[in-house]
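Visitor: Supplied in structure tokens, the structure appears directly below.
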Amino acid sequence: MEEWIGQQWHRLAVRAARTEHPHAAVLLSEVERPVGLLFRAGGGPAAVRPGPGAARAVGGPRGWWQRVAGTGTQAALAQREHGHFSLPPRLAVFEQAALNRLLYLWLAALGAVWDEAVDTAAPAPDWIATNRQAGRLALQRFPGLAEACAGLVAAQLALRPALDCLRGEARHAEARVQQALRDLGLEAQALVAPTDRAQAAVAPTPEASHDPAPPVLPAQVSPVWLWLAPPLAEAAPGPGVPDDEAAPAPSAAHPPAANDRTRRRARRIDDRSDKAGLMMFFRAESLLSWGEFVKVHRAHDDDPDSDAARVADDLEELAIAQGGQSLAARVRFDLDLPSAAADDRPLGPGEPQPEWDWRRQRLLPDHCAVQRLQAASAPPFDPPAALRATARRVRRRLECLRAAPAWQRGLPQGEALDLDAWVRHRSACAGPAGQAMAGRDPRVFAQRVRAERSLATLLLADLSQSTDAHVWTAPGRTGAGSQRVIDVIRDALYVFGEALAPTGDAFEMLGFSSVRRQHVRVHELKAFDDPWNLAARARVGAIKPGYYTRMGAAVRHATARLSARPERQRLLLLLTDGKPNDLDHYEGRHGLEDTRHAVQAARRAGLTPFCLTIDEDAHDYLPYLFGQHGYCRVHQPAQLVQRLSQAYAALTRTV
């Protein structure tokens, strides 16, 4: 009975303390596409993708019901960092859903100009000055958002606490915030209905950089939803927010899905719980530390913990320690590394490879080491009958493609008009040198001729530990059921080899994985000079997943090997299932920028890189790495073989 009464009282208190408007809530997933488009159009970095952020501690005055319910101490705020742009997963700040939707767009505009605002705000800008400058730049770059900005400012000012209810530093901080918001509203109104009076009112003033008052921290005021919050390292806990009043995040009532993309702040610590086993702690001094770090040994550590996601949402920063116990139920991003005894062979110094440092914008020479591995012997690979039949169909298709004549373009006469050449010719005639071009015979025709193919292909397969995961093929399709990614890649490699071997085109197969920068493992499955025989098939059949995906070093190694070929056209095909990643900070934007630099270097070397992936989020980052037409997303794993043959046929059609 007491527990039931407590639950009802807690529900009543939380409902009475609620300041948001659930009926007008807008989810980030509903506006993710327009937000991303606006962020890119405003000049936001192509490698930075807007995504949901975790809740963080906030300050400001709280009502009586909020103090009783323990709410109002955390909120998910927009934040722009070097490699990430975090947005609230859900906005229900205003009573109208249209305003909440416009708020997402305004935050996207601020995020697009944030780097420029940080550089130009002031010699030593504070949080308010940076957001004021970002607001000015956003209005200059997106004048169509002026009316929406004016409405958002008016709605935000209506939610701010009254200055008469505040005292001391809290009153001064809130007054500066409200004045900055009014200035932003006046600038927006001047763009909507420009007048001389409004122009004079919104003229830039130098008080932001010469204000003798101390800077205002975000934790000193209630959340300003129209602004971006600084990184947590720059924020300090404000007055009146004790540490023992931590409350569940607003999303605690809605547990995240299995595929939770929320970005959480973390740091590494040392596990010192077993360092002083004979020392007794004084209970009164250790209550808070025991509450923050408790190492529990239980008999069912492997059972799923249904509250793990809620606990992660409650913490502003996750502390990751390397302990003696493997708690798979709590940490789902386990390493899954095989033991040293299961490795292929002891690793040597390797072949040095550079790596791109996007922060310093320079190439680090000899930063990585590529280890070339080859299985001495492997058991024979006996593919199923259905896979052999697929290989025969693909082989016949590629043989027909090889026998077909190719188009020779740029001719003064021919059997067909080359529309691209005609458009270029007409554009040149309309330019300053148009009269000189008009007197020449335009080379805008194409002719089908029989020519010898000059083609070399290198197939680079991702063999990281993530390929050991199972993927589901929808019923009613070929290969319906659960399959491992590594098995799908193995089938694609086998069909590719069986189809290309009779054509006579040179091809090579490599697999790659990595464990930090000094151990980028490249498995030689079939070299250019090796025949496609039983040994090569056995090496393909023996591939296994392991370790991580340092994609940039693998692409550079493949580029060097493919560039040494004398063929006229050289294809670099990449099979993968996810983003580049590794243990030593090769994550997020660092891995993306390094891979993009490696792909661009391959294009400058005269190669044609192309990526095939089964990653559901491929559209978020592969266009930045390979271009809009440089990749293919395979929706069903069983279609990888078909998509690979189609991509190969399309890329070699003009050879």
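The values are calculated or read from the model by the stated rules, or taken from the named source; none is laboratory data. None of these values were measured; they are calculated from a predicted model. Heads up, the Cβs are rebuilt from the backbone with ideal geometry, glycines too, and the neighbour counts pull from every protein chain shown.
Visitor: Restricting to segment 602-621, count the residues that are touching a strand residue (DSSP E or B) at 6+ places or on another chain (Cβ under 9 Å) and either modelled with pLDDT of 90 or more or of a type in the set (S, T, N, Q) (or both).
Guide: 11
Visitor: Continuing with the same structure: With respect to the numbered conditions (1) surrounded by fewer than 21 Cβ atoms within 10 Å (Cβ to Cβ); (2) touching a Phe, Trp or Tyr at 6+ places or on another chain (Cβ under 7 Å), which one is the sole condition not fulfilled by Val540?
Guide: The failed condition is (1).
Visitor: Now for a separate question. Within the group Ala618, Ala601, which residue is buried (at least 16 other Cβ atoms within 10 Å of the Cβ), out of contact with any Pro (no Cβ under 6 Å at 6 or more places or on another chain) and farther than 27 Å from Pro365 by Cα? So that I can check it myself, show each step before the final result.
Guide: Values: Ala601 fails: farther than 27 Å from Pro365 by Cα.
Criteria check complete, one pass: Ala618.
Visitor: Still on this model: So for segment 488-511 (the condition being farther than 21 Å from Tyr648 by Cα and at pLDDT below 90), does at least one residue qualify? Lay out the reasoning, then the answer.
Guide: As a first pass, look at segment 488-511 and keep what is farther than 21 Å from Tyr648 by Cα: none.
So far as segment 488-511 goes, no, none of its residues is farther than 21 Å from Tyr648 by Cα and at pLDDT below 90.
Visitor: Shifting gears a bit: Confirm whether Arg450 is at pLDDT below 80 and basic (Lys, Arg).
Guide: Numbers: at pLDDT below 80: yes; basic (Lys, Arg): yes.
It is true that Arg450 is at pLDDT below 80 and basic (Lys, Arg).
Visitor: Here's something else I'd like to know. Looking at segment 13-22, which of its residues are touching a residue at least 40 places away in the same chain (Cβ under 8 Å) and assigned to a helix (DSSP H, G or I)?
Guide: Once the filter is applied, which keeps residues that are touching a residue at least 40 places away in the same chain (Cβ under 8 Å) and assigned to a helix (DSSP H, G or I), segment 13-22 yields Ala13, Val14, Ala16, Ala17, Pro22.
Visitor: Moving on. Cβ-Cβ distance below 6 Å, separation of 6 or more or different chains: which pairs start in segment 618-633 with a residue that is more than 23 Å from Ser645 (Cβ to Cβ) and end on one that is small (Gly, Ala, Ser) and surrounded by fewer than 16 Cβ atoms within 10 Å (Cβ to Cβ)?
Guide: Tyr624/Ala46
Visitor: Next question, about the same structure. Restricting to segment 161-178, what's the tally of residues that are out of contact with any Pro (no Cβ under 8 Å at 6 or more places or on another chain), more than 17 Å from Thr130 (Cα to Cα) and in contact (Cβ under 8 Å) with a residue 40 or more places away in the chain?
Guide: Count: 1.
Visitor: Among Ala180, Ala109, Ala154, which is the only one that is at pLDDT 90 or above and closer than 21 Å to Leu38 by Cβ?
Guide: Details: Ala180 fails: closer than 21 Å to Leu38 by Cβ; Ala154 fails: closer than 21 Å to Leu38 by Cβ.
None of the other options fit; the residue is Ala109.
Visitor: A further question follows. Can you confirm whether Leu562 is in contact with a Pro (Cβ under 9 Å, 6 or more places away or on another chain), outside any loop (DSSP other than H, G, I, E, B) and of a type outside the set (S, T, N, Q)? Even if it seems obvious, please write down each step before you answer.
Guide: Details: in contact with a Pro (Cβ under 9 Å, 6 or more places away or on another chain): no; outside any loop (DSSP other than H, G, I, E, B): yes; of a type outside the set (S, T, N, Q): yes.
Considered against the rule, which asks whether it is in contact with a Pro (Cβ under 9 Å, 6 or more places away or on another chain), outside any loop (DSSP other than H, G, I, E, B) and of a type outside the set (S, T, N, Q), Leu562 comes out as no.
Visitor: Does segment 590-602 contain any residue that is part of a helix (DSSP H, G or I), farther than 24 Å from Arg561 by Cα and within 16 Å of the chain's Cα centre (by Cα)?
Guide: Of the residues in segment 590-602, the ones part of a helix (DSSP H, G or I) are 590-602.
Narrowing further to those that are farther than 24 Å from Arg561 by Cα: 590.
Next, only the ones that are within 16 Å of the chain's Cα centre (by Cα) stay: 590.
Yes, the conditions are met somewhere in segment 590-602.
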